[in-house]
Every structure is written in structure tokens, then in C-alpha cells.
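Heads up, the thing below is written out as C-alpha cells.
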Amino acid sequence: MAMITTQDGTQIFFKDWGPKSAQPIVFHHGWPLSSDDWDAQMLFFLANGYRVVAHDRRGHGRSTQVDTGHDMDHYASDASAVAEHLDLKNAVHIGHSTGGGEVARYVAQYGEPQGRVAKAVLIAAVPPLMLKTEANPGGTPIEVFDGFRKALAANRAQFFLDVASGPFYGFNRPGAKVSQGTIQNWWRQGMIGGALAHYEGIKAFSETDQTDDLKAITVPTLVMQGDDDQIVPYKDASLLQAKLLKQATLKIYPGYPHGMMTTHADEINADLLAFVRS
């Protein structure tokens, strides 16, 4: 397996497919998954002639189950370590959910300063801040995230099954077309990762204020989200991202769920390709 070792000794698993001379499309997965969550996108962009890269976040997937660094700063630093190791330039970085937070911090603090990034995409991403505070009244109350932590600590396997079979893909909606394979694959990805990384990751994705990251990004950025996202409320996420980013293109998908790049891969892939080519 392809691995790099970060400065603190963490081993990060990555995939690097396609012609090395082609423009790189780099994918950043959501909590508590792995780079496998991008299968539909990686195969699509590979077939369209691009170089596709994705890594497993520390403590997730096949990367080391370390007991430190489960925060957005380390997530971005690890992503940068992969980009530097592969010497990726003119790259398009695409992040989903927590991976969108990772993209925002990576592009703002590493990718743009190093001149490695051409564009960015935030899909159902967590910035600027999920947590409800006095300054962010539209956020999600801390009690919700405390509930996540309690459920994970009590029975991670059941909690992950409940998330995948319910709100993540909108399978709890009347008339939803439920895919058992999709549910099982989400559960598989989650259970391969480490419980500690997943537990501490809840704080990372919910309490990290990334307002300044978004303001610092100057490359063209596509912001995509479904208005039936039951995980990350779009009015406190994509709508605010589009206001804070300097060059944002906002696209809201009526009725689409949080995991829309899996449930509606054909449409999302086409829109991603159009943005990359634009």
C-alpha cells in the first residue's frame, strides 16, 4: 500500500491513479469514512483523462490509528504532506463534509501559499462553523454533537449503521430508493477506522471556526449542497461559504441528501467536470 510518513510519524495511506502528467484532482473524504468514499468520482475523472489522488485521514481507513492530531490543523497538514510528496501542481481539491473543512484549511494555509492549487470544491462541507454559538445562532446545538459522542462510545457499530441507513443518504425519507450496498460500504469504511479518531473528530468538524480560511481563499471555488442535507444544514454552511469566499459559484440541489455524490453521482460528476474544465 502507498504510504507517506508525516512529521509526527503518522502513516497516511493514499491512492494516486492515472497519468502523472495530467491535471491532478484531489479528493478529501468525510467523517468517519475513507478515500473509498470517492470511488464513483475517481473512476469518472480517471476515465476523463485526469490524475486522481485521495488519502485516508489520520486514524481513518488504512492510515495509522494514532492517538494525537485529530484536529483540522493536522488534517490540513497531512493533506499538504501528500501533495508535497507527490509534488502536485495546478490541482483541484474537492472535499466533502469534514473533508470540505480540510480543503478550506489546506488551500488557505498550504495550497495557495505554495502555488499548488488551481481551484477548490466544497460539497456539503462543514465550514464556516457547525456549532451554535452567540455569533453563530443558526448553528447546531452542542447537545447534538454530545449525542453523537455518546452513541459512538456506547456502540459505534450500531451508531454507524443508523447514520448510513438513515439521514446520511436520505434513506429515511418517504419513497427513498434505499441501497443496501451503499449502507454496508459506509459502515465498512467507518469500522475500518479508529474509534478514538472518530470520537475526537466530532469536535474537529463541529467546533472549528473556519471563517478566516474561507476569506483567505482566492481561487475559484464551487460550493455544492443539497437542501435536504440532514447532517450539515445548508443555510449555515454552503450559503455562508458562498458569501465568505472571494470567487464562489454556488449550486443548491433541491431534495438532495448529505451524501449526494454517491446517491446522485452522475449529476454531481457532470457538474464537477464542467467546473474543472471551465
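The values are calculated or read from the model by the stated rules, or taken from the named source; none is laboratory data. Being a predicted model, the structure only gives us computed values, none of them experimental. All Cβ positions, glycine included, derive from the backbone under ideal geometry; neighbour counts span all protein chains shown.
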- Query: Considering region 192-223 alone, what residues qualify as being of a type in the set (A, V, I, L, M, F, W, C), in contact with a helix residue (DSSP H, G or I) (Cβ under 7 Å, 6 or more places away or on another chain) and closer than 30 Å to SER165 by Cβ?
  - Reply: ALA195, ILE202, ALA204, PHE205, LEU222, VAL223
- Item | Matching residues, region 51-63, being touching a residue at least 40 places away in the same chain (Cβ under 8 Å) and either touching a Phe, Trp or Tyr at 6+ places or on another chain (Cβ under 9 Å) or part of a helix (DSSP H, G or I) (or both) | ALA54, HIS55, ASP56, ARG57, ARG58, HIS60, GLY61, ARG62, SER63
- Query: Any idea which residue in region 235-262 is nearest to PRO220 (Cα to Cα), counting only those that are among the hydroxyl-bearing types (Ser, Thr, Tyr) and more than 16 Å from the chain's Cα centre (by Cα)?
  - Reply: THR249
- Qualifying position, being within 25 Å of SER63 (Cα to Cα), assigned to a loop (DSSP other than H, G, I, E, B) and not hydroxyl-bearing (Ser, Thr, Tyr), among PHE168, PHE145: PHE168
- State yes or no: is ALA270 free of Cβ contacts under 8 Å to residues at least 24 places away in the same chain and touching a Leu at 6+ places or on another chain (Cβ under 7 Å)? no
- Query: Can you find even one residue in region 38-46 that is within 22 Å of THR6 (Cβ to Cβ) and either modelled with pLDDT of 95 or more or assigned to a helix (DSSP H, G or I) (or both)?
  - Reply: yes
- Note on the structure: Note on ALA108: of the conditions (1) crowded, with 24+ Cβ neighbours inside 10 Å; (2) aliphatic (A, V, I, L, M); (3) in a helix (DSSP H, G or I), unmet is (1)
- Note on the structure: Residue set ALA153, ALA157; condition in contact (Cβ under 8 Å) with a residue 40 or more places away in the chain, outside any loop (DSSP other than H, G, I, E, B), surrounded by fewer than 17 Cβ atoms within 10 Å (Cβ to Cβ) and not charged (D, E, K, R); output residue ALA153
- Would it be correct to say that ASP229 is over 23 Å from PHE148 (Cα atoms), of a type outside the set (A, V, I, L, M, F, W, C) and either outside any helix (DSSP H, G or I) or modelled with pLDDT of 95 or more (or both)? no
- Query: Looking only at residues in region 1-29 that are hydroxyl-bearing (Ser, Thr, Tyr) and under 20 Å from MET72 (Cα atoms), which one is surrounded by the fewest Cβ atoms within 10 Å (Cβ to Cβ)?
  - Reply: THR5
